[in-house]
Amino acid sequence: MLTRGTLIYIGQRLVLIVFTVVVVSFGVFAVVHSLPGNAFVSDRVHGQALQILLHEYGLDLPIPLQYWNWVKGIVLHGSLGVSLYIRGLPITPLVLRELSVSAMLGGSALIVTIGLGITFGVLAAVRQNSWVDYLLTSIAVVGYSVPSFVIASLGILIFGQWLNNLTQGALYYPEPWSGTYGSLAELSLPAIALGFYTSGQITRITRAAMLDVIQQDYIRTARAKGLQNRVVVIRHALRNALVPVTSILGPTVISIITGSVVIENIFGIPGLGKEFVESIFQHDYNVTVGVFTIYAILIGFANLAVDLVYTVIDPRIRY
Amino acid sequence: MADPRAAAAREPLLRVVNVVKYFHAGVAATVKAVDGVSFEIQPGETVGLVGESGCGKSTLGRLLTQLLPATSGQVIFDGVDLTRLGGEKLRQQRKQLQMIFQDPFASLDPRMTIGDIIAEPLENFGLVTGRQKNARVQELLRVVGLNPYFNNRYPHEFSGGQRQRIGIARALALNPKLIVCDEPVSALDVSIQAQIINLLEDLQREFNLTYIFIAHDLAEPADRVGTPPDRTQG
Amino acid sequence: MANPVLQVQDLSTSFFTGDGEVKAVRNVNFNLFNGETLGLVGESGCGKSVTAMSILGLVQRPGKIVNGKIVFKGQDLVRMPAEELREIRGRDIAMIFQDPLSSLNPVLRVGFQIDEAMKAHDKVPADQIAQRGVDLLKEVRVPDAARRIKDYPHQFSGGMRQRAMIAMGLSNRPEILIADEPTTALDVTVQAQILELLRDLNQEMGTSIILITHNLGVVAGLCKRVIVMYAGEIVEEGPVDQIFESPQHPYTWSLLRSIPRIDADRRERLKSIEGLPPDLIALPPGCEFSPRCPFRIEKCFTQDPELETVGPAQRAACWVTMKRAYAEMGAADITDTRPGAASGIRPPKGIEARVADRRELNAPPLPTPASDE
Amino acid sequence: MATAMPTPATIDYAGGTLAREQVSLWRDGIRRLRRNKLALGAAIYLGFLALVCLVSIFWTPYKPNVIGTCETYQLPSAAHPLGCDDLGRDSLSRLMVGSQVSLSVGLATAIIVLGVGVVVGLIAGYFRGAADAIVSLGINIFYGVPPLLVAVALYVLLGSGLINIIIAISATVWMDMARLARGQALSIREREFIEAARAGGARWGKILFGHILPNALGPIIVQATFVIPVAILTAAFLSFLGFGVPPPKADWGGMANEGLPSLQGGFDPYILLFPALALSITLLAFNFFGDGLRDAFDPRQKR
């Protein structure tokens, strides 16, 4: 249902996304290019040779001008520039490939998160103050307390060492990533380690929202109509409880992106997050800026999508 | 506004001239909450503003006390046009012009003792200090029929009717000339409503107050209704 | 007034909270007759809504029906399995609530919510549900029903929402409709329309109605018979005319006096009931109204009165009763029969209502009416 | 001002006594918190942790940074209850010292965020208009990037060191607090008692800090307790990725990082396990405590 108001709203949000992306990319651009030391330090290039290299990559220009050239490159050629570490390698195809890996991992983690979180939350609320509730809420707190690298390490320990013979390597693979994207064995452990953290938060919010909604007058009305309990819980309560749950989907996406940086590094998954950390260590700043920019765009659209989901769930919200 | 004091005793305490309030809703839409209201009140009078909920009468009450700025029009209180005042000058006028709010549960700060609530207007104008404050608060509590030793209690310990008495005590603290009562009893049980109306009547006699009474119960036009408080309630 | 369609017998419902057992409803007995409109009146917290919720089995934890029977068509609803009771809810006994905005699900269309009530039971054939939804909205006089049925609740006005609630309640042609403060959240003009609607529906369909309200004025317009509750108990019941004409319980009398009247002399003070209802966890001994009662005698502090017949079909739970109070205290009889007429009556001199509370009872009792030796 | 106001004779003290006798909201909340066994246990653990942290400043069983205190990869033993790491340092000593980093990062970040976020948020929410537009834009921009990456970038810019880590983390978590304070200010400013205060002639400073802040304090404090674990977690992530306090100073995230290769290589898993456990239990304790606090002071909780 795209009304005129909604389209205007989407337009406004796109402007905001562009603005944010520009601010973020410029900020990061300025930060990394003003860092002490530059990409060529590790190559032990000095003096005249360094000046030539800097000039070749346009790094001797004032930062605003460098940024302007960078933006021009994106707009005119769709190019995020070239790598300074592997000198001259175009970044764009590299990060796009890595993005697809990360997206696969993040998407699987999102499914884990939402599926587990909402199921646990609803069950805990419906069985409030029973052992089911205590168990599920405890799992949730553990979920958002234990760092994902701990979960990942435990996973490696359990499935990679203790149970490796038993599971025939299912759920675990030795580094490096094979490249067969979507293989369940490769994806499941990282996705669970990544999604577990946010699923705890979704459980908590879903439970709280359900408990709140169940108190509402319209739930009493639904019961007074003689509806079956299942219908009351799912159609009347959960539908309303999803409104606050939706509100943390944006932060959830951000959280998963953050987590993926760590998880990709542990499991050696060649995604954006691993690339980001490597680019920092390698002073490959064009890549750093590129990754940041892609994340900013991604988060902008994720938040926009969440806001549009709102209008589907709650008819009172119109833009 | 040439020397309002010189005018005869019939000079109205409050003169409202063509007050308009629009709210902006969305990009292009405006809601006309109050659209050109005019009336006058003589000292000691009680005027009822009656209308169904949503007709803008609560907005009007806030325009009279300048808690909301009017879009246009004048609110002349005691010869001074409040709509032209701002900041400190308007604040000074509040000494004369107080308000009793509709919801006795929402209009008292839950984190303050009722002593502090009642004394707050006095402290805002630097009118009391230390022991004086306590004495004055206890006096006000007595006036509205509450136990004066409740001054260290918190609002949630009181019933709706008692809370409304606290709100009345706060409005009386500055010895105002005019009190705008915004549906002061509509949130109370019928049996309590009468207590509060009676108290307001007593206080009016006692302190020579002028009331503007906002109510929703009589289906009469919201222009100028010279209705006494007990008639506007149902 | 042939046979009762609903019999409530010795109903007691309590809420078990951390502070103790809140006895919200205690030993309530009444019958609802076929086609009758019965008023259930009292201040907030007197147990009238809990009584209604108990009938439908909607009392939620920590609340629980601790005693009593609710007999509907020969079956006891209290002991009925949950699934059977669910079938009765909405089909045979429907309920509408005070605040129509919060009582309608905000994310579902009005029409869907009405249809859903029919789909939950097999009373209305599936292929007729959609049409009947529109017809019902027309019946409760929602203009442009065919279009409005697709709206969401927030697109309806307050009065329209309550009409939609009523349509929902009536969708399965229930035998009993319980209306819990159906007009309290509405403007006066809309209130009148809703009451008129309920009266018409009662007359046209013969639905029995229990009307719950704190406002005796509302009862006067709609009900034939009224039950007055105080602190979880029935204190007086009887035909509306009679109760208005000669209330026998001092609480009813006080309630009637506190209804403001448009034709009253404006110089006259409104009558109020001083004090507060008792704490339902720690009830006062004796009559629960005694701390606030202007006519109490010493017996009232120690012994709880039972309902006794005080007139034709009228019963009250009071040791004194107004008849005696007036006769023995020298007051005139009540003659004015208009609603609220009783507000003109003053208690005899010397027993002006005074505030009292359980905590003050250690002090010497108030001047009691001379008598009762 | 104390002019005699004769009391109207007809009114006795209305309602006589209080509607309900009740302890204040705060004391009520603390009573509920005490009953929450998990929160109580968490509080006890956190007290113990604070003690360990204090002790570790002055004393540890072995020198935490001295290489070759014992055999590398030594398994737990009586002399070294938690074993030794890949460089032969005593793990228990390092674990104790590591608590300093976690606790100081958590607390310092919470304090910074409380100061900055609350003031910024309250001002934006109360004054609305331009102030709100600027603050909201700032919040939105910071929400537009993954916080860990921002922290890494700032860390690289500012250089290593505890203070820089705290600043970098604060920059990534202030928004939640600012948004909460803004939302509270926006909603509380519409409540009638704020209107009543204005009608009584209160100035904005009094309204903002005398009325709005005390009423928003509950959620703000609860939010602050959640800032602590998030900050500790972020610090651990940073260390784990190699952006922690400079070696040889011990911190849990960095210790876990050092333990990862040995785990993957099939060596001593305890090197990773113990710091991971310490971190997890600490975060769990902060979260349980925060949850307990929120439940105890949730205004909707009635009892």
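The values are calculated or read from the model by the stated rules, or taken from the named source; none is laboratory data. These numbers come from a predicted model, not from an experiment. FYI the Cβ positions are ideal-geometry reconstructions off the backbone, even for glycines, and counts take in every protein chain you see. We work out accessible area using only protein heavy atoms, side chains counted, and drop any ligands, DNA or RNA first. Shrake-Rupley method; radii C 1.70, N 1.55, O 1.52, S 1.80 Å.
Structure values in brief
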| item | result |
| --- | --- |
| Within segment A:1-27, considering residues that are among the polar types (S, T, N, Q) and open to solvent by less than 30 Å² (accessible area, probe 1.4 Å), the one farthest from the chain's Cα centre (by Cα) | A:T6 |
| Hey, B:I117 closer than 30 Å to C:L256 by Cβ and open to solvent by less than 20 Å² (accessible area, probe 1.4 Å) or not | no |
| Top-ranked residue of segment C:199-235 - restricted to ones that are of a type outside the set (D, E, K, R) and farther than 22 Å from C:V50 by Cα, ranked as modelled with the lowest pLDDT | C:G221 |
| Test: residue in segment C:149-157 that is at pLDDT below 90 and crowded, with 17+ Cβ neighbours inside 10 Å | yes |
| Qualifying residue in segment D:142-153 (condition: farther than 21 Å from A:I257 by Cβ and touching a Gly at 6+ places or on another chain (Cβ under 7 Å)) | no |
| Search result, residues across segment D:46-66 that are surrounded by 13 or more Cβ atoms within 10 Å (Cβ to Cβ) and aromatic (F, W, Y) | D:Y62 |
| Among (1) open to solvent by 10 Å² or more (accessible area, probe 1.4 Å); (2) among the aromatic types (F, W, Y); (3) facing another protein chain (nearest Cβ under 8 Å) - the single one A:Y310 does not satisfy | (3) |
| Output for segment C:89-121, where each listed residue is within 7 Å of another protein chain (Cβ to nearest Cβ), within 25 Å of the chain's Cα centre (by Cα) and part of a helix (DSSP H, G or I) | C:S102, C:S103, C:A117 |
| Flag if B:K89 is modelled with pLDDT of 85 or more and either of a type in the set (D, E, K, R) or in contact with a Ser or Thr (Cβ under 6 Å, 6 or more places away or on another chain) (or both) | yes |
| Helices (runs of 4 or more DSSP H) enclosed by segment D:190-284 - at least 3 residues per element that are touching a residue at least 60 places away in the same chain (Cβ under 8 Å) | D:213-241, D:252-264 |
| Hits in segment D:111-144 - residues which are open to solvent by less than 60 Å² (accessible area, probe 1.4 Å), of a type outside the set (A, V, I, L, M, F, W, C) and farther than 21 Å from D:I166 by Cα | D:G125, D:Y126, D:G129, D:D132, D:S136 |
| Of all residues in segment A:196-222 being closer than 21 Å to A:I256 by Cβ and of a type in the set (D, E, K, R), the one that is nearest to the other protein chains (Cβ to nearest Cβ) | A:R204 |
| Single condition A:F292 does not satisfy, out of (1) assigned to a helix (DSSP H, G or I); (2) open to solvent by 10 Å² or more (accessible area, probe 1.4 Å); (3) not small (G, A, S) | (2) |
| Residues (modelled with pLDDT under 85, touching a helix residue (DSSP H, G or I) at 6+ places or on another chain (Cβ under 7 Å) and more than 10 Å from every other protein chain (Cβ to nearest Cβ)) located in segment A:133-159 | A:G155, A:F159 |
| Residue check, C:D144 at positive phi, surrounded by fewer than 20 Cβ atoms within 10 Å (Cβ to Cβ) and not small (G, A, S) | yes |
| All positions within segment A:241-259 that are open to solvent by 10 Å² or more (accessible area, probe 1.4 Å) and of a type outside the set (V, I, T) | A:L242, A:P244, A:S247, A:L249, A:P251, A:S255 |
| Any hit, segment A:184-196, residues being surrounded by fewer than 16 Cβ atoms within 10 Å (Cβ to Cβ) and either at pLDDT 80 or above or touching a Pro at 6+ places or on another chain (Cβ under 8 Å) (or both) | no |
| Failed item in (1) within 12 Å of chain D (Cβ to nearest Cβ); (2) buried (at least 24 other Cβ atoms within 10 Å of the Cβ), with A:N265 passing the rest | (2) |
| Subset of segment D:236-291 (residues that are open to solvent by 20 Å² or more (accessible area, probe 1.4 Å) and among the small types (G, A, S)) | D:G242, D:G265, D:G266 |
| Residue satisfying condition, being more than 19 Å from A:D284 (Cβ to Cβ), of a type in the set (G, A, S), part of a helix (DSSP H, G or I) and over 22 Å from the mean Cα position of the chain (by Cα), within set A:A140, A:A103, A:A124, A:A152 | A:A124 |
| Residue list for segment B:124-173, filter: in contact (Cβ under 8 Å) with a residue 40 or more places away in the chain, among the aliphatic types (A, V, I, L, M) and open to solvent by 40 Å² or more (accessible area, probe 1.4 Å) | B:L127 |
| Candidate set from segment B:172-205 (those that are among the acidic types (D, E) and assigned to a loop (DSSP other than H, G, I, E, B)); member that is nearest to the other protein chains (Cβ to nearest Cβ) | B:D189 |
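Yes/no per residue for (1) open to solvent by 10 Å² or more (accessible area, probe 1.4 Å); (2) over 21 Å from C:P239 (Cβ atoms); (3) away from chain B (no Cβ under 12 Å); (4) in contact (Cβ under 8 Å) with a residue 24 or more places away in the chain:
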position: C:P174; (1), (2), (3), (4): no, yes, yes, yes
position: C:D187; (1), (2), (3), (4): yes, yes, no, yes
position: C:L197; (1), (2), (3), (4): no, yes, yes, yes
position: C:D200; (1), (2), (3), (4): yes, yes, yes, no
position: C:I212; (1), (2), (3), (4): no, no, yes, yes
position: C:N215; (1), (2), (3), (4): yes, no, no, yes
position: C:G221; (1), (2), (3), (4): yes, no, yes, yes
